[in-house]
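Colleague: For reference, the structure I am asking about is given below.
Here, each number is a calculation from the coordinates, and none is a lab measurement. Note that the structure is predicted; figures quoted are calculated from it, not measured. Methodologically, a virtual Cβ is constructed for each residue, glycine included, from the backbone with ideal geometry; neighbour enumeration extends over all protein chains shown.
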Amino acid sequence: MEMNPAAAQMVSPAHSTSQFLPDSTLVAAKIQEWLYYLESRFRGILPMFGKLPDLDQEKWMRTQLDGELDIAMVNIGVATSNILQCDVPILTRHLAKYYPLASRGPLKLHPKLLLELEAGIDLDHPAAPAATYLSN
């Protein structure tokens, strides 16, 4: 029995739904760009925690940090669920692991972490803080 040509076209791999989805390499590149951007934000924000004058400002900054860490986790989840290859920067990894454990009370950063953040990373690195963060 011969298949109807219209039906054959519908089940053809050339007409799969994947043609309507973005190319996975583009998605991976966009996720990587977001992860590096968020890493640069974390590198800019975290050293400021020890310099805040009051707890209200720290609460506000923690709310911002929570939101940005959530965005990073969503992007990492999208990448892993779609088997995309992305580099998760080290500070983002540490925040994902330890930050939820420190969600109560003032945020206390280990002195070695603060030294590492102050030393910075190569300005050519994609996760280097933007010049506007460094000028504050």
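Colleague: I need the phi-derived Karplus couplings for segment 74-89: 6.51 cos²θ - 1.76 cosθ + 1.60, θ = phi - 60°, integer Hz, Gly and Pro marked x.
Modeller: My calculation for segment 74-89 gives 5, 4, 5, x, 4, 4, 6, 5, 9, 6, 9, 8, 9, 8, 8, x Hz in order.
Colleague: What is segment 40-132's relative contact order, in percent, from Cα pairs under 8 angstrom and six or more apart in sequence?
Modeller: Relative contact order for segment 40-132 comes out at 48 percent.
Colleague: When the dipole is taken about the Cα centre of segment 25-95, and only Lys, Arg (+1) and Asp, Glu (-1) are charged at their Cβ, what size is it in debye, to the nearest 20?
Modeller: Its charge dipole is roughly 120 debye.
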